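Each remark here refers to the structure printed beneath this line.
Since every read-out is calculated from the coordinates, none of them should be taken as a lab result. Because the structure is predicted, anything quoted here is derived from the model rather than measured. FYI the Cβ positions are ideal-geometry reconstructions off the backbone, even for glycines, and counts take in every protein chain you see.
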Amino acid sequence: MPNSLAVRTQSLCRHYQMGEALVRAVDGISIDIGAGEFVALLGASGSGKSSLLNLIAGLDRPTSGAVIVQGNNLAALSREQLAKYRLHTVGMVFQSFNLIPSMSLLENVELPMRFAEVDRRERSALARQSLERVGLSGRLAHRPTELSGGEQQRASLARALINHPKLLLADEPTGNLDSRTGTEIMELLHSFNQSLGMTVLMVTHEQALAEKYAGRMLHLADGKLVDDVTNNDVRNDDVRNISSVEASAPRGETP
Amino acid sequence: MKFYDVTDLAVRNLRESVFRNSLTTIGISVGVASLVAMLSLGIGLQQLASRRLQKSGLFDTIVATSRRDLRNFREQRDDGPPPAESPALDEPARKKIEEIPGVVEAYPDIRFVTELRFDDKPHLTMVAGVPFSAKSNNDAFDGMQGSFFSAEAVPEVILQKSFAEELLGIKPKPGASNPDSNIAELAKPLLGKELTMRYAERTASPSASPTASPTTTGPGDRGPSDAAAYSVVSREQALKIVGVTDLDPDSMRGTARARVFLPLKLAQDLHVMQSNLRDTSASDSPSYTSLSVRVGNPNQVPAVEDAIKKMGFSAFSIVDATRSMRQFFAVLDGFLAIFGSLALAVASIGIVNTLVMAILERRREIGIMKALGASDADVRGLFFAEAGAMGLVGGAVGVTFGWALGRLINFAMNIYLERQHFPPAEIWSVPLWLVLSAIAFSIVVSLLSGLYPAARAARLDPVQALRYE
């Protein structure tokens with residue numbers, strides 16, 4: 001079990017005004033997530049999972065309350081500081097992969113390092129390593145549209161990990177994938193959580209996947225935390241090494 | 001982000017929408033081309049006018065006169081010594097003036113009205129001495145028929161077109177010289193022929209020559225060397241016509257302008273008596289009514305003028321007139337620049353439009369970059385770089401367009417000038433500073449146009465942008 005705190009939210013609220021109605025997307029959520037935890041955020045559509053994830057990612061600001069990551073209250077950070085936080089502390093994986101279509105996989109993975117002003121040669125070597133780690137060493141020059149959904153999501157994972165974040169946030173990473181490919185992605189997430197000690201917070205609809213991989217499940221409804229379940233059944237002792245993940249990754253998938 | 005990365009991403013983005021960005025860049029090019037075309041026309045015209053006026057002596061000539069001359073009808077000045085105590089404008093003074101920094105030469109202004117006989121017919125006109133240096137610095141002699149004086153003191157003469165017409169009995173229309181008469185045809189029967197100039201020589205001794213008839217004497221008023229009385233003797237001098245000039249080398253003299261030109265050295269040697277009886281003397285130390293002081297750079301005219309005044313002489317230049325001319329061209333250039341900039345202003349709206357469209361198209365991409373850690377400054381810099389790159393390419397292409405357009409107009413204008421019997425002229429000038437300024441201006445305008453789109457892109461909410469499909 002984790003021994004230090006990675007994320008803490010205190011009475012976190014994010015309310016939107018939609019016309020005359022006030023939407024309480026996140027409504028007073030207080031949670032503590034320990035370093036190295038694999039946490040799944042579950043709930044129906046509109047329950048506030050993605051809104052909570054965006055607040056923790058520093059993409060959005062709370063209406064009230066606090067998000068504390070590594071001792072910093074994100075609500076008090078400037079735009080510039082939030083950008084640095086997203087660059088160095090957080091890695092993000094999206095449901096729709098969000099790779100830039102005009103760039104090759106290598107360039108996509110290099111992109112965060114451009115913002116971090118990493119030297120050209122160094123970032124190319126790191127990006128190659130990262131893509132190798134997710135089994136895409138043969139696809140460096142391909143553009144995202146030339147890849148399958150699974151491959152795109154693996155590239156997206158490689159990009160999320162490139163700046164060695166402490167916190168990996170995944171917004172329905174398997175939502176656009178078939179179950180087999182989804183499982184592969186979950187295996188990767190699980191392995192990074194186990195091997196790198198990275199805290200993973202994942203939004204998902206899929207209870208089965210959450211139960212299989214997440215050590216803790218937070219259930220949200222109407223912007224409120226309704227259940228916080230520790231999953232003792234999750235395997236944490238049979239993590240396959242990354243090379244075996246690569247070996248099992250399907251090759252030559254068509255987009 | 002590092003400069004290289006910003007540039008690299010900007011160029012990549014521009015290549016992604018190559019057609020639209022090319023159209024925008026062409027818009028900028030047209031704007032820059034029109035600006036360059038207008039300004040080069042203004043600069044070319046200014047240079048053309050400056051060349052002509054500089055060679056005519058309007059810009060670089062100061063007329064220095066002695067204050068001792070009581071017939072000098074210029075207004076009495078408060079500064080400097082009174083007329084009686086002013087120094088004489090003699091040869092030592094001429095040499096001293098020539099030593100003033102910036103002065104190229106100072107020569108006596110010799111002009112007199114006299115009778116010239118051609119084919120036994122008398123013609124009365126103003127004759128002026130021309131320094132030998134005028135061969136290269138007075139463009140009135142550039143396109144003339146015949147040739148300039150062969151040496152400094154030869155008995156040769158150059159005629160102005162209107163006097164040539166008079167000699168040949170061609171009657172000019174009232175108030176203007178006959179524009180239809182061809183200078184080459186005028187010169188043909190005159191070149192190499194002789195004119196006889198009858199003039200009044202002023203001699204030092206009362207009656208040295210038996211042919212001389214003293215006509216007048218006057219008191220000496222020029223110091224000890226010049227104290228003796230003088231005589232005026234009627235003389236004749238044969239002069240060979242070597243050139244006929246179309247333009248007027250003496251145009252700045254107004255109504256006193258000469259129509260016949262002698263070598264200055266010859267005019268000095270002849271000791272012709274001039275109208276105010278004070279001019280060239282037969283003595284060893286001549287004293288002059290006025291000196292023409294030519295200055296190397298028109299900008300030095302005021303300084304040289306002051307120096308001459310400090311020496312106790314009156315000095316006159318038309319630097320004020322040149323200032324007015326420069327002011328006129330500054331205003332003309334301003335107007336041309338404004339008209340030229342209008343096209344660039346329209347092009348800048350094109351840049352704004354293109355970049356705003358790019359924001360809409362790349363909204364999601366901007367959201368992704370922000371989610372990955374791009375700061376507002378990174379996003380802003382990227383859009384600035386795209387605007388700047390369009391400005392740079394548009395500026396460079398525009399300058400090339402503008403230059404080509406200028407050459408074309410110059411070519412067409414010279415065909416027109418040739419048909420109007422004018423010499424060809426370079427009315428187009430694209431100096432290096434204009435090329436660099438136009439490109440810099442294009443980049444600045446493009447960056448200014450990129451201000452709003454860049455700020456808008458930087459402010460984009462990443463959550464909204466990522467939600468956008």
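Which order do the peptides B:14-22, B:29-37 take when ranked by the mean count of other beta-carbon atoms within 10 Å per residue, highest first? Let's see the in-between values first.
Values: B:14-22: 14.8, B:29-37: 26.2.
The most tightly packed comes first, giving B:29-37, B:14-22.
With Cα atoms as the point set, the radius of gyration and Dmax of chain A evaluate to 17.8, 54 Å. Projected label points at B:Val104 and B:Ser133, each 7 Å from Cα along the beta carbon direction, are separated by 0.6 nanometres. With a Förster radius of 22 Å applied to the C-beta separation of B:Glu418 and B:Ala184, the computed FRET efficiency comes to 0.90.
Taking amide H atoms as placed 1.01 Å from N in the peptide plane, the amide H of A:Ala221 lies under 5 Å from those of A:Val226, each 5 or more residues away in sequence or on another chain. Report note on the peptides A:224-231, A:194-201: ranked by the mean count of other C-beta atoms within 10 Å, highest first, their order is A:194-201, A:224-231. Determine the calculated [θ] at 222 nm for chain A from helices alone, applying -39500 (n - 2.57) to every DSSP H run no shorter than 4 residues and normalising by the residue count; nearest 500 deg cm²/dmol. The helix-only estimate for chain A comes to -10500 deg cm²/dmol at 222 nm. Our estimate of slack between B:Arg20 and B:Phe411, defined as 0.36 nm per intervening residue step minus the Cα-Cα distance, is 137.3 nm. A simple spin-label model places the labels of A:Val226 and A:Ser96 2.8 nm from each other, with each point 7 Å out along Cα-to-Cβ.
Charged side chains reduced to their Cβ positions (Lys and Arg at +1, Asp and Glu at -1) give chain A a dipole of some 680 debye around its Cα centre.
Summarising the strand pairing of chain A, around 55 percent of its internal DSSP beta bridges are antiparallel. Averaging the sequence gap over all C-alpha pairs within less than 8 Å and six or more residues apart, then dividing by the number of residues, gives segment A:145-212 a relative contact order of 37 percent.
For A:Asp171, the residues whose modelled amide H falls within less than 5 Å of its own, excluding neighbours fewer than 5 places apart on the same chain, are A:Val93, A:Phe94, A:Gln95, A:Val203. Proximity of backbone amide H atoms, modeled 1.01 Å from N, is registered between A:Thr230 and A:Met217 at under 5 Å, excluding neighbours fewer than 5 places apart on the same chain. Peptide A:78-86 shows a mean partner chain C-beta count of 4 within 10 Å per residue C-beta.
Would you tally the net charge around A:His205, using a Cβ to Cβ cut-off of less than 15 Å, leaving A:His205 out, and scoring K and R as +1, D and E as -1? Net charge around A:His205: -3. Comparing B:Gly381, B:Ile366, B:Ala347 along the charge dipole axis of segment B:346-388, the residue lying farthest to the positive side is B:Ile366, per the Cβ-charge model. Sequence-ordered 3J(HN,Hα) estimates for segment B:381-389 from the Karplus curve with 6.51, -1.76 and 1.60 and θ = phi - 60° stand at x, 5, 5, 4, 5, 5, 5, x, 5 Hz, glycine and proline given as x.
Expressed in nm to one decimal, what extension gain is obtained for the pair B:Trp433 and B:Ala153 from 0.36 nm per residue of sequence separation less their Cα-Cα distance? Working shown, then result.
Details: separation 280, 0.36 × 280 = 100.80 nm, distance 4.52 nm.
Result for the pair: 96.3 nm of gain on full extension.
One Cα centroid belongs to segment A:1-30, the other to segment A:148-166; the line between them spans 27 Å.
Given a Förster radius of 35 Å and the C-beta distance between B:Glu91 and B:Lys240 as r, what FRET efficiency does 1/(1 + (r/R0)^6) yield to the nearest 0.05? The computed FRET efficiency comes out at 0.75. Using the Cβ-Cβ distance between A:Ser179 and B:Phe3 with R0 set to 51 Å, the FRET efficiency works out to roughly 0.65. Taking 0.36 nm per residue of sequence separation and removing the Cα-Cα distance, the A:Ala44/A:Gln129 pair yields an extension gain of 26.9 nm.
Separation of the alpha carbons by more than 26 angstrom is noted, of B:Lys171/B:Lys193; B:Lys161/B:Lys309; B:Lys121/B:Lys161; A:Lys49/B:Lys2, for B:Lys161/B:Lys309; A:Lys49/B:Lys2.
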